[in-house]
Amino acid sequence: MKRELTLIFVIKIMFINNLYAYNNKNKCEDYLSKGKPVEAISAAKIISDKYDSSFCKAKAEYYQNNFAAAIKDLEISIKHADLQADQMYAILYKGIAERDNNQIKQSIKSLKHGLEVAKLGNTKYMAMEQKFLYQIGLSYSALKDYFNATDFLSKSLIIAANDDERADAYNSLAIAHAANKKYGKAVEFGLKSANTLQRSGQRNRYAEAIYSLSGYHFLDGNNSKAISLLDGLESFAEKNGSKYYQAKSLFEKALLYKNLKRQKDSDSSYQAAIRISEQIGAVDLISAYQ
């Protein structure tokens, strides 16, 4: 899941305007969009432009979890970028790949270098500054350096340009605070993330944020709030015909009740979740909660 989310992040932020020279209409990108990384790599090898070839090849290698190979090709991309913006994307992606390859300190070094490059453009590359700040925060979280993690994530939040970026920053701040056992802070930022997603109409992401928020309330000792959040989401999903999230809410309640030593309630919620999941063929849910 982490790989898929990172790929979505990278693809989503690219090619915003004509500051970028990378040709995302090449055959390699076409194969990647169809989930065919092997074919994408073959196609990348015959692209004449060095940057386009190595960058798309790196994305395909990353998709295959071959982070070391992706890093090498991104280094080639950095050297052959015609425009500063293209270079920054390669640096950004390299930092992400290094983190996923467990080279976390090197990841921070790469991302900080990218941040300095972005700052050279003053406000021209403010969007890139936000992305580097956010990814540096994630890398510090991976190091369990929560002081620096929350510092960089907070800085990314200040210059976030849209609700997606704000929701991601709030969510990552909540995760970092929870990992640092600051559960009250986790609740605060988890709630802000959920509210932002609700305001922007992203119902699926909102539901996931509520599951996390329920967990933070449990860790903070507010069991009744943790349960009521899941009850509310289950009821909302049922009324709006979303059996998938109705079932998932029941699975989450089963886990919560189990943690609260309420085994009878846990079993009841679990069986109800299984029934609904089987009705809609949601085998992924059943597998995830077995």
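Details
- Of all residues in region 253-285, those that are within 25 Å of the chain's Cα centre (by Cα) and either surrounded by 15 or more Cβ atoms within 10 Å (Cβ to Cβ) or within 18 Å of Ile210 (Cβ to Cβ) (or both) total 5.
- Complete set of residues in region 245-290 that are in a helix (DSSP H, G or I), under 25 Å from Asn223 (Cβ atoms) and charged (D, E, K, R): Lys248, Glu252, Lys253, Lys258, Lys264, Asp265, Asp267
- Among the residues making up region 212-244, those that are more than 13 Å from Leu255 (Cα to Cα), part of a helix (DSSP H, G or I) and among the small types (Gly, Ala, Ser) are Ser224, Ser228, Gly232, Ser235, Ala237.
- Lone qualifier among Leu115, Leu133, Leu173 - being over 18 Å from the mean Cα position of the chain (by Cα), part of a helix (DSSP H, G or I) and surrounded by 22 or more Cβ atoms within 10 Å (Cβ to Cβ): Leu115
- Residue match in region 40-63 (condition: farther than 20 Å from Tyr134 by Cα, in contact with a Pro (Cβ under 6 Å, 6 or more places away or on another chain) and either in a helix (DSSP H, G or I) or of a type in the set (Phe, Trp, Tyr) (or both)): yes
- Test result for Leu250, farther than 14 Å from Ala273 by Cβ, crowded, with 19+ Cβ neighbours inside 10 Å and touching a residue at least 12 places away in the same chain (Cβ under 8 Å): no
- Per-region count, region 167-219, residues basic (Lys, Arg) and over 26 Å from Leu143 (Cβ atoms): 3
- Within region 172-194, tally of residues that are among the aromatic types (Phe, Trp, Tyr) and in contact with a Gly (Cβ under 9 Å, 6 or more places away or on another chain): 1
- Positions within region 78-103 being of a type in the set (S, T, N, Q) and part of a helix (DSSP H, G or I), in sequence order: Gln84, Gln87
- Among the residues of region 69-109, those that are of a type in the set (Gly, Ala, Ser), more than 17 Å from Leu153 (Cα to Cα) and touching a helix residue (DSSP H, G or I) at 6+ places or on another chain (Cβ under 6 Å) comprise Ala69, Ala70, Ser77, Ala81, Ala90, Ala97.
- Scanning region 108-132 for residues that are closer than 23 Å to Ala167 by Cβ and in contact with a Lys or Arg (Cβ under 7 Å, 6 or more places away or on another chain) yields one hit, Glu129.
Coordinate-derived values only; no laboratory data. Here the structure is a predicted model, which is why all the values come from computation and not from measurement. Backbone-built Cβ (ideal geometry, glycine too); neighbour counts: all protein chains shown.
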